[in-house]
Amino acid sequence: MLKVDSQKLMQDKRIIREINRYRWFESEKFGYDIGFEKAADDWFVLYSLLWIRKHLARQRRKMMARRTPR
């Protein structure tokens, strides 16, 4: 299982954007602002591994494309 370093990931602006989007959706669902900390905790449990796999795979493909001679 992949271990997630949430402090390191929080430095990525894309992660902050995803957490804020999750916060907005959940706040709308519950009818009140759930706050950034709650949203971040939930997002890391529910979505961080999927996000990492998707974005790391995309970055790997880009790196391999650059290395491949044309």
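The values are calculated or read from the model by the stated rules, or taken from the named source; none is laboratory data. Values in this document were obtained by computation on a predicted structure and should not be read as measured data. Every residue, glycine among them, receives a Cβ derived from its backbone with ideal geometry; neighbour counts consider all protein chains shown. Accessible surface areas use protein heavy atoms only, side chains included; no ligands, DNA or RNA. Shrake-Rupley method; radii C 1.70, N 1.55, O 1.52, S 1.80 Å.
Quick one: in region 22-40, which of the residues that are open to solvent by 100 Å² or more (accessible area, probe 1.4 Å) and either hydrophobic (A, V, I, L, M, F, W, C) or in contact with a helix residue (DSSP H, G or I) (Cβ under 9 Å, 6 or more places away or on another chain) (or both) is nearest to Q11 (Cα to Cα)? My answer is K38.
Residue count for region 1-21, restricted to those that are among the β-branched types (V, I, T) and open to solvent by 40 Å² or more (accessible area, probe 1.4 Å): 2. For region 37-51, filtering for residues that are closer than 15 Å to I16 by Cβ and in contact (Cβ under 8 Å) with a residue 24 or more places away in the chain leaves 6.
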